[in-house]
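As structure tokens, the structure follows; a few thoughts come after it.
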Amino acid sequence: MFSKLIGAEIKRKEDPRLITGKGIYTGDLKLPGLKHVMFVRSPYAHARIRSIDTAAALKLPGVVAIVTADELQPNYGRLPVSGDADFKARRSRYPLAVDIVRCAGEAVAVVIANSPQQAEDAAVAVEVDWEPLPATGSIEQALQSPPLYADMEGPADMGDVKRKGDVTAAFASAFRTVKQRIHSQRLAAIPMEPRAVIAAPDPASSGLTLWSSTQTPHNVRSELAASLDLPENMIRVIAPDVGGGFGVKIGVYSEEAVLALLALRLQLPLRWIETRMENILVTTHGRAQMADIELALQQDGKITGLKIRVVNDSGAYPVATWLPWLTGYMSVGVYDIPAVEIQTGYTHTNTTPISAYRGAGRPEAAYYIERMVDLAAHELGLDPVVVRRKNFIQPHQFPYEAASGPTYDSGDYDKVLTMALELANYNDLRAEQASRPADHPLLLGIGTACFVETCAPGPYESAVVRVEPTGTVTVYTGIMPHGQGNATTFAQIVADAIGADFDRIVVKYGDTASTPMGIGTYGSRGLAVGGMAVVQAAATVKAKAQQIAAHMLEAAVEDIVLEEGQYRVRGVPSTGLTLQEIADRAYSDNLPDDISSGLEATDFFRPAASLYPFGAHVAVVEIERETGIVHLRDYVSVDDCGRRISPVLVEGQVHGGLAQGIGQALLEEIIYDEYGQLLSGTLMDYAIPRADTFPHFRTALSETPTPHNLLGAKGVGELGTIGATPTVVNAVLDALKPFGIRHLDMPLRPEKIWRAMNDAG
């Protein structure tokens with residue numbers, strides 16, 4: 001099936017519509033009688049709600065209704081929690097706060113008005129009598145404070161210690177040990193389009209249609225049905241174009257549940273568009289981990305043991321309690337470490353909940369182990385490259401069962417590192433660094449990192465491939481692309497698989513009324529799982545087309561082959577039928593009784609196992625000695641995501657991932673004070689990278705196919721982010737070695753570096 005389009009340099013099918021302003025986002029939609037919603041939010045991180053007075057606000061012009069939790073609570077359930085069903089009763093929350101708020105920005109009432117401005121004015125006029133309660137704003141503070149929830153046995157919910165191998169012996173016999181506490185700071189995703197919701201009653205079904213900027217339409221439908229106690233077939237969820245997600249648009253939020261319920265109750269269409277300040281304040285954050293790590297080392301650089309304890313800040317409510325577990329699961333990285341001791345858990349603070357953000361647990365794991373490898377090299381007086389190569393899992397060891405839990409499918413870690421070092425001219429860089437005068441105004445640093453991630457989770461994904469009577473093809477997929485380019489890659493797959501015209505293939509998604517039941521887009525699963533569903537459906541269509549062609553050409557089915565876009569009799573190139581000719585016959589009354597009408601197929605792909613793409617990066621930085629400003633001089637990325645269906649799209653995904661990973665390393669951080677008040681709540685306070693932050697990235701091709709799917713493809717969407725943070729931090733700390741600076745936590749902003757250099761003398 002791998003022919004002219006799979007692997008070719010193809011321009012994205014999606015781009016002409018989007019770059020000419022023809023995209024349709026939730027905020028663009030207009031419905032007759034549409035009313036606008038604004039939420040009344042808590043200014044306190046932790047407080048009791050004594051009373052809510054809406055009388056004055058209700059008298060303002062244009063106000064339709066103001067609703068509080070007391071009026072809604074009997075009609076809906078708590079929001080779902082990922083990771084532990086028992087939390088449903090214990091720590092989950094209602095869409096509008098009942099009695100107590102546990103983080104700033106939590107909604108306590110909803111205003112409906114004729115215009116957004118009128119709704120905003122009325123929200124300000126709602127008077128709430130608050131009783132402030134003690135609050136915590138950080139992991140460290142939470143670990144020293146009473147638990148936020150009464151059912152917690154201590155300040156953190158820690159899982160059991162998991163061991164594999166003889167950890168005690170590894171550390172007892174170590175030549176050296178190296179230990180470090182490392183933080184992965186809290187981040188905001190900052191998608192270009194904040195969240196947006198429209199809910200409207202559906203007279204035809206007596207149900208509801210909900211438009212949402214979401215990565216998971218079917219998931220939103222299921223969670224809304226559970227929260228509102230409605231049958232799923234009475235709820236239709238549509239995701240129009242989505243302007244970025246990065247994990248924070250997975251699943252249902254309070255706003256979707258509230259608008260859905262009120263649209264049904266009032267029989268009015270309602271719209272809420274998140275402001276940028278709301279986006280930073282109440283949309284889930286990412287990362288927010290603290291890890292204590294220790295390695296046992298032999299004199300030659302071999303790592304014989306690892307101990308790691310990870311504590312995640314889950315924020316005020318448990319949204320994704322599996323995040324620290326996933327970090328522990330991937331904690332050995334690309335290294336053959338025989339003995340590990342892992343403990344993971346989380347605590348609660350009076351802050352916005354933490355959930356998935358590009359990479360979700362894997363960037364943290366890669367950052368920790370790659371920093372520790374550099375610290376180990378420093379401790380032993382070895383080049384970090386030497387230590388990495390000493391510990392790599394070797395190609396002949398795959399499939400490899402890591403001591404931390406995962407079974408890696410395929411890999412060649414030394415190959416990608418060698419490619420990256422050669423592309424970066426590593427030896428010349430080290431020579432330049434050694435020859436640079438001690439008083440040079442620019443400090444030169446070279447950082448390397450190697451990494452592996454787990455991606456493409458199940459349990460399944462779906463696809464419909466439908467050949468229309470004219471030979472055009474419509475593909476319906478259960479995933480929800482929002483920038484990944486799957487309309488292009490799926491068209492490439494189908495064109496090659498069934499002989500369709502690439503330009504006449506349309507890929508549709510994002511509507512639970514027309515697409516098959518799907519899981520959605522996250523975890524780099526779009527192509528590797530969703531694409532395989534397309535492969536399987538296309539294979540069924542091809543088999544049917546061969547059957548019809550055999551009848552039309554009066555040949556045996558097994559003799560029909562697809563060559564150069566035509567269905568031919570094997571060895572008889574002069575015969576041939578196009579897909580259009582076959583489709584025309586498929587929908588006619590001229591078929592034998594043993595061939596059913598139509599030419600389409602629905603299929604579901606269930607992945608046998610997770611996939612493990614990998615890579616190696618090299619960063620070159622120069623730091624101004626007088627100011628601490630970091631200049632990223634060069635960046636080399638070699639990422640292996642298995643077989644590349646569209647190299648152009650792979651390159652774009654890598655570039656975007658690098659930008660976010662470098663942003664975390666150098667700039668980005670959500671900061672709360674000790675009272676749980678957000679101090680970085682606008683883009684004047686929360687620094688995101690700009691175009692001039694980056695050099696021109698240099699990349700190279702590596703392909704190590706996975707044995708777990710016919711495409712041989714793994715995920716790529718998160719690789720750049722996973723590799724960039726440790727690479728850049730290692731480069732900065734390499735430049736700071738003359739000062740004896742061993743470690744600094746991200747973000748490595750100029751002031752932090754300048755202070756560290758001055759403190760070191």
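The values are calculated or read from the model by the stated rules, or taken from the named source; none is laboratory data. The structure displayed is predicted, hence computed values, not measured ones. For neighbour counting, all protein chains shown are included, and Cβ atoms are generated from backbone atoms with ideal geometry for every residue, glycine included. Each accessible area value is taken on the protein alone, full model and side chains, heavy atoms only, with ligands, DNA and RNA left out. Shrake-Rupley method; radii C 1.70, N 1.55, O 1.52, S 1.80 Å.
Please report, largest first and rounded to whole Å, the three semi-axes of the ellipsoid equivalent to region 629-761, where each semi-axis is the square root of five times an eigenvalue of the C-alpha gyration tensor.
33, 19, 13
Any idea how far apart SER596 and VAL506 come out in nm if each label point goes 7 Å out from Cα toward Cβ?
Result for the modelled spin labels: 2.5 nm.
Given THR26, PRO43, ALA55, which one lies farthest toward the positive end of the charge dipole of region 12-85, if we put +1 on the Cβ of every Lys and Arg and -1 on the Cβ of every Asp and Glu?
In region 12-85, that residue is THR26.
Quick one: Kirkwood hydrodynamic radius for region 510-655, alpha-carbon pairs, angstrom, one decimal?
For region 510-655, the Kirkwood estimate is 19.8 Å.
List, largest first, the extents of the alpha carbons of region 469-543 along their principal axes, each in whole Å.
For region 469-543, the Cα spread along each principal axis is 32, 24, 22 Å.
Select from PRO689, GLY657, ALA609 the residue farthest towards the positive end of the dipole of region 597-696; place +1 on Cβ of Lys and Arg, -1 on Cβ of Asp and Glu, and compute about the Cα centre.
ALA609
Can you list the trypsin sites (Lys or Arg not before Pro) in region 661-761 that are in a DSSP coil and have 12 or fewer other beta carbons within 10 angstrom?
Filter output for region 661-761: ARG690.
With charges set only on the Cβ (+1 for Lys and Arg, -1 for Asp and Glu), what does the dipole of the chain come to about its Cα centre, in debye to the nearest 20?
That gives a dipole near 340 debye.
Kindly sort GLU558, GLU256, GLU751, GLU153 by accessible area of their heavy atoms, largest first, with the probe set to 1.4 Å.
Largest accessible area first, the residues go GLU153, GLU558, GLU751, GLU256.
For region 1-83, which chymotrypsin sites (Phe, Trp or Tyr not before Pro) are both in a DSSP coil and crowded by at most 14 other Cβ atoms within 10 Å?
PHE2
What are the equivalent ellipsoid semi-axes of region 96-240, built from the alpha-carbon gyration tensor (square roots of five times its eigenvalues), in whole angstrom, biggest first?
44, 25, 17
Treating each Cα of region 604-660 as an identical point scatterer and ignoring solvent, apply the Debye formula and state log10 I(q)/I(0) at q = 0.16, 0.22 Å⁻¹.
-0.69, -0.99
Send over the Kirkwood Rh of region 159-239, from the inverse of the averaged 1/r over different Cα pairs, rounded to one decimal Å.
Radius from the Kirkwood sum: 17.7 Å.
What Kirkwood Rh does the chain have if only Cα atoms enter the pairwise 1/r average? Answer in Å.
Roughly 27.8 Å, rounded to one decimal.
Leaving out ligands, DNA and RNA but keeping every protein chain, what accessible area does TRP754 have, in Å² rounded to the nearest 10, with a 1.4 Å probe?
100 Å²
For the peptides 630-636, 333-339, what is the packing order when you average, over each peptide's residues, the other Cβ atoms within 10 Å and list the highest mean first?
By packing density, highest mean first, the sequence is 333-339, 630-636.
Counting helices only, and only those DSSP H runs with n ≥ 4, report the 222 nm mean residue ellipticity of the chain as the sum of -39,500 (n - 2.57) divided by its residues, in deg cm²/dmol to the nearest 500.
That calculation yields -8500 deg cm²/dmol at 222 nm.
Given LYS13/LYS508; LYS4/LYS542; LYS13/LYS542; LYS11/LYS249; LYS179/LYS307; LYS415/LYS714, which pairs have Cα atoms separated by over 19 Å?
Over 19 Å Cα-Cα: LYS13/LYS542; LYS11/LYS249.
Modelled label-to-label distance, GLU674 and ARG176, 7 Å Cα→beta-carbon offset: nm?
My value for the distance between the label points is 3.7 nm.
For region 365-483, what are Rg and Dmax over the alpha carbons, in angstrom?
Reported Rg and Dmax, both Å: 22.3, 75.
Dividing the alpha-carbon radius of gyration of region 530-612 by 2.2 N^0.38 Å (N being the number of residues), what value is obtained?
Against the compact-globule rule of thumb, the ratio is 1.25.
On full extension of the chain, what length is gained from ALA169 through LYS30, given 0.36 nm per residue of separation minus the C-alpha to C-alpha distance?
The span from ALA169 to LYS30 would gain 43.3 nm if fully extended.
Compute log10 of I(q)/I(0) for region 370-410 with the Debye formula, placing one identical point scatterer on every Cα and leaving out solvent, at q = 0.17, 0.32, 0.33 Å⁻¹, to two decimals.
-0.56, -0.97, -1.00
Rg/Rh for region 1-160: what does it come to with C-alpha atoms and Rh from Kirkwood?
Rg/Rh: 1.14.
Rounded to whole Å and sorted largest first, what semi-axes of the equivalent ellipsoid does the C-alpha gyration tensor of region 1-42 yield via the square root of 5 times each eigenvalue?
Result for region 1-42: semi-axes of 41, 15, 10 Å.
On the Cα set of region 615-692, report Rg and Dmax in Å, please.
Radius of gyration, then largest Cα-Cα span, for region 615-692: 16.5, 50 Å.
Can you give the three extents of the C-alpha atoms in region 228-338 along their principal axes, from longest to shortest, in whole Å?
Sorted largest first, the three principal extents are 72, 33, 27 Å.
I want the antiparallel fraction of DSSP beta bridges within the chain, as a percent rounded to 5.
Percent antiparallel among DSSP bridges in the chain is about 80.
Please list the helices of the chain that count as membrane-span-like by this rule: a mean Kyte-Doolittle hydropathy of at least 1.0 together with Cα atoms stretching 30 Å or more along the helix axis, each helix being a complete DSSP H run.
none
Going by average Cβ neighbours within 10 Å, how do the peptides 647-654, 343-350 rank, with the highest at the top?
Highest to lowest by the protection proxy: 343-350, 647-654.
Based only on Cα atoms, what Rg/Rh ratio does region 199-269 have, Rh being taken as Kirkwood's radius?
Using Cα coordinates only, the ratio equals 0.95.
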